[in-house]
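Below: one structure, written as structure tokens.
The values are calculated or read from the model by the stated rules, or taken from the named source; none is laboratory data. As the structure is a computational prediction, the values presented were derived from the model and not from experiment. Using ideal geometry, Cβ is built from the backbone for each residue, glycine included, and neighbour counts are taken over all protein chains shown. SASA here: full protein model, heavy atoms, side chains in, ligands and nucleic acids out. Shrake-Rupley method; radii C 1.70, N 1.55, O 1.52, S 1.80 Å.
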Amino acid sequence: MTPRQKLNLPDSTLKYLLLAPTIILLLVLTIYPLVFAVAASLETVDVRTGARAFVGLGNFTQIVKDQLFWNALKNTAIYTCAGVIVEFILGLALALILTEKFLARNIFRTIFLTPMMLPPIVAAIIFKIIYIQQYGVANWLLGLVGIKGMLWEAGPKTALFSLILVDVWEWTPFMFLILLAGLQAIPTDPYEAAKVDGATWFQEFRHITFPLLTPAVLIAVLLRLMDTLRIFDQVFVMTGGGPANATETLSLYVYQTGFRFFNVGYATAMSFILLILTTVISNIFISRLRAEEVFTQ
Amino acid sequence: MRKLSQFLVILAFGLLLIGAAFAGGAGEQPAGGTGKLVLATNNAPEGNGLAQALRQWGQTKGIKVEVVAAPYSNIYEKEVLDLSQKTGLYDIVLLDDPWFTQFAENKWLTNLTPYFVAINQGGLSSDFIDKSTAVCKYPYATGLIYAFPAVGNAQMFFYRKDILDQYGMPNGPRTWDDVINVGKKVTDSGGGTMFGYVLRGTQGNPVVADFMPILWSFGANMFNADFTKVTLDTPQALAAVTCLTKLVSIAPPGAASFDAQQLSTFELEGNAAMMINWPAFVADFQDPTKSKVVGKISFGPIPSQATVGSSEIGHWLAAIPAASKNKQAAFDFLEWATSVDGQKTGVTQFGNPPTRKSVFTDPQLMATPQFSYFPMLLQAISNSTPRPRIANWNEVENTFGIYLSKVVAGTMTPQDALAGAQTDITALMKKAGYIK
């Protein structure tokens, strides 16, 4: 007798019984907070009395008019696009180089992965020190090649770029790692066939490597996109959103509104917009992944 | 069926265990008031002083104590979450004085007057500096007592005595015009490594804390007396922000990202002549392993201009949450920790400035070179101004900070910045109900 026969439960009951723990966990950890958050996004909290008041979609209409929100959205968009594109290009180049066999290849692979192992806060603090105008390594290095030092994260025009640079330094290895795995998984036969046909290196890359690498590219870019859209640590540590609001991202603005000004309803409403944005963008990638048959329905 | 019954027995045991765990958690703080004392504090010398005192108190009194320490940037949200939800998790909170109005107005703190009456005192001892007592009362200076003044911070004007001597100002600059005149000469002759003035330009708290004394010196203020009008649209305010731009022009490049620590580094390395900063950095200047300017730094009052200069007060206050279950024990501890002896320990062990006049003028401490700045700090606190006592100060400060940061970064003119700040802060004050 199998255990199920011993319990004498009908199939349908057993099915739900086995699913129950997962469903309960999901309800408690995801659904309840989500419903609670929806309710909170429709309220305002009085900073002086703590009284809550229902305002309907008032928070959302206010967001549309909020210049700080649009500025934060713009900064987040620039950060995400620039960061992910540069990380992708560098990561792909590194992966292509390090997939070739040469001396000490493994040592290089390990070295390139180290930035990713640092906690983002630590990376941010290291770069804040590197960027110091008078004593920092960055300006000293520029000075060696005769370039006048720049303001880095202290200049309103260079601040966002300086933060993106930290992201690129820390997360290019992640792109590299996934793309390298993708490259290693490509079978060798198509290349052999291409060689017989006399294909150039670029033709091989264009018609064999890149198409077969697409699933890995999509996954790497998707994960980085979701991560950079909610970037917080570096901005919080390095600039606090300044100077002149040049680096305030959506996550930082949401955090400040929620936890510094205790405008919880407004912060929740903004979080929803960030959530919708992330979901829409991610789904574009996920549907492409489905088309590539990486995910199945 | 046997398996099912086994499953049920295991489930029952599991539930029992979970129940016991929760009961244990709740049992740590009996409602009677003999449980352990829990302190929420910032993870810096100011907070460590009180934490150390609590541990010592726990040992002598045989009370269990616990310290929850978090960095400055996180302790505010930890405290607000606990206080607003009335969890009673903390029995003592150490808070920065600009947060006090919000905490008191929301009725999150315990009114301490009955506890003082019980020990035959009308309130805080008259030994505390008047301005220190004033920030512990809600409404400011006149209301009930909700906190003890734990650490006596107020900004001071730091200057290089040797350099200002050369320019005929041995007692430091008297006005902001003096600062700009001398500062310009120092920067011009400094070859890009020595600067006349260095300022905090980081968006948010730092830039506002640096600028408020300048605003006051020019006879301006952010609000009228009862907070029903924003007064940043005045010629005095414009003169103050214009002064800020002049200070930026003689400050090191990158001032837009400086905070108090970086200012101190400039001064320690001998690369800056003048700055406004907190007393917490004084000790470093006398330490030859950290300072290249030992014995060269003097402290003076905030320079005057249209009115007499006033320092910004930044006390750390110790309060008892309204939801605490150990109020009497917490009160007894705070009474002891802020006593003359308690403050002396804080001064000698942690370098924390006191709030009692008798400790400031203690002959033993005054004879120690490390505390030679005490008379100056006592004067600074006695002549200090608090940040506006409004519950939404964090949001107002952030908004003002964005505009000031734009001025420091050179992306906005003083006129536009003040006009923007006037509009935005008025909107915030309307939202909070101060302006009808």
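Does A:Lys157 meet the test of being within 14 Å of another protein chain (Cβ to nearest Cβ), under 30 Å from B:Phe258 (Cα atoms) and not in a helix (DSSP H, G or I)?
So A:Lys157 fits the description; yes.
Return the pairs, sorted by first residue and then second, in which the second residue is in a loop (DSSP other than H, G, I, E, B) and not basic (Lys, Arg), the first residue lies in the stretch B:365-376 and is farther than 18 Å from B:Phe157 by Cβ, the beta carbons are less than 8 Å apart, and the residues are 6+ apart or on different chains.
Within 8 Å, the pairs are B:Met366/B:Ser372; B:Pro369/B:Gln286; B:Gln370/B:Gln286; B:Gln370/B:Gly351.
If you scan the stretch A:90-136, which residues turn out to be over 22 Å from the mean Cα position of the chain (by Cα), under 30 Å from B:Met194 (Cβ atoms) and either open to solvent by 40 Å² or more (accessible area, probe 1.4 Å) or not polar (S, T, N, Q) (or both)?
Across the stretch A:90-136, the qualifying residues are A:Ile129, A:Ile130, A:Tyr131, A:Ile132, A:Gln134, A:Tyr135, A:Gly136.
Looking at (1) assigned to a helix (DSSP H, G or I); (2) within 14 Å of another protein chain (Cβ to nearest Cβ); (3) touching a residue at least 60 places away in the same chain (Cβ under 8 Å); (4) among the hydrophobic types (A, V, I, L, M, F, W, C), find the lone condition where B:Ile435 falls short.
(1)
In the stretch B:394-427, which residues are more than 9 Å from chain A (Cβ to nearest Cβ), out of contact with any helix residue (DSSP H, G or I) (no Cβ under 7 Å at 6 or more places or on another chain) and either in contact (Cβ under 8 Å) with a residue 40 or more places away in the chain or at positive phi (or both)?
Result: B:Ala419, B:Gln422, B:Thr426.
Within the stretch B:343-366, can you find the residues that are open to solvent by less than 70 Å² (accessible area, probe 1.4 Å) and either small (Gly, Ala, Ser) or within 14 Å of B:Phe128 (Cβ to Cβ) (or both)?
B:Gln343, B:Gly346, B:Gly351, B:Pro353, B:Pro354, B:Thr355, B:Arg356, B:Ser358, B:Val359, B:Phe360
Can you say whether B:Asp341 is within 14 Å of chain A (Cβ to nearest Cβ), farther than 24 Å from B:Trp108 by Cβ and more than 20 Å from the chain's Cα centre (by Cα), as far as the supplied structure shows?
In short, no.
Could you say which residue among A:Ala77, A:Ala95 is at negative phi and either in contact (Cβ under 8 Å) with a residue 12 or more places away in the chain or touching a strand residue (DSSP E or B) at 6+ places or on another chain (Cβ under 8 Å) (or both)?
Only one candidate qualifies: A:Ala95.
Looking at the stretch B:226-303, what helices (runs of 4 or more DSSP H) fall wholly within it and have at least 1 residues that are under 18 Å from B:Met212 (Cβ atoms) and within 14 Å of another protein chain (Cβ to nearest Cβ)?
The helices (runs of 4 or more DSSP H) meeting that bar are B:235-250, B:260-268.
Name the pairs whose Cβ atoms lie under 6 Å apart, with the first residue in the stretch B:93-115 and charged (D, E, K, R), the second not in a loop (DSSP other than H, G, I, E, B), and 6 or more positions between them or separate chains?
Within 6 Å, the pairs are B:Asp97/B:Leu317.
Report whether or not B:Ile381 is surrounded by 24 or more Cβ atoms within 10 Å (Cβ to Cβ) and either more than 14 Å from every other protein chain (Cβ to nearest Cβ) or out of contact with any Gly (no Cβ under 9 Å at 6 or more places or on another chain) (or both).
Judged against the criteria, B:Ile381 is a match.
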